[in-house]
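Just below is one structure, and these are the notes that go with it.
Bear in mind that the values in this text are calculations on the coordinates, not laboratory data. Please read these numbers as outputs of a predicted model, since none were measured by experiment. Using ideal geometry, Cβ is built from the backbone for each residue, glycine included, and neighbour counts are taken over all protein chains shown.
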Amino acid sequence: MGIRTTSFAITIMLMVLLMAGSGTPARADIYVKEMPDGSLNFSNCPLGKGWTVYMRERPRARTRSYARGPSRSYRRSEWDGLIKDIAVNHGVDPVLVRGIIEVESGFEPSALSPKGAMGLMQLMPGTASDLGVDDPWDPVQNIKGGTKYLSWLLKKYNGNLEKALAAYNAGPNAVDSYNGIPPFQETQDYVRTIISRYTGRAY
């Protein structure tokens, strides 16, 4: 008795999609009830008796929102000592690291991009995890992780600064695919801006 497996899977899939697209904050637990004719009825809003939980909604991980203080602005001088110590430790020019931070986050440790990049050097969650960064919102960990990643990219591309910067922005796969700066306007502007800052200003 009951419904066929294919119909069952389709029913569950449709319910999940509908709930995912809903703008309401209601729970998305799925309940099941066997009807008198032996068929199964599914609902995320069960009414009456006889319902049992079929699937529990997994709690979503909370994402830290952008939290720039209304009366607090950061100057690059506040980070100069930290940037210099970390950069020298990883064999990277502090001027370059400072330029990346300035372009990426404007020296704002709580910066959060629409794509989910976090902190001063705008680390994506996956990249931060790979780099061993436990708390991307901690300025020390964030700068260490970003500088470590930059150092690795410079070695990967044999010191080619343009490729390393392009990979920091668009990812190594994109740079490798085009064997150079990808034809993305954002990445091209990014590389041009940082190199201009790097070569035009003293630390």
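What to note about this one:
- With a Förster radius of 41 Å applied to the C-beta separation of Asn179 and Ser77, the computed FRET efficiency comes to 0.55.
- Bridging of Lys156 to lysines at a Cα separation below 23 Å is possible for Lys84, Lys144, Lys148, once same-chain residues fewer than 8 apart are set aside.
- Hydrodynamic radius of region 76-200 per Kirkwood, over alpha carbon pairs, in Å: 14.3 Å
- Pairwise centroid distance, computed over Cα atoms, of region 157-203 with region 110-142, Å: 19 Å
- Residue order, fewest to most surrounding Cβ atoms within 10 angstrom, among Ser110, Ser105, Ser77: Ser77, Ser110, Ser105
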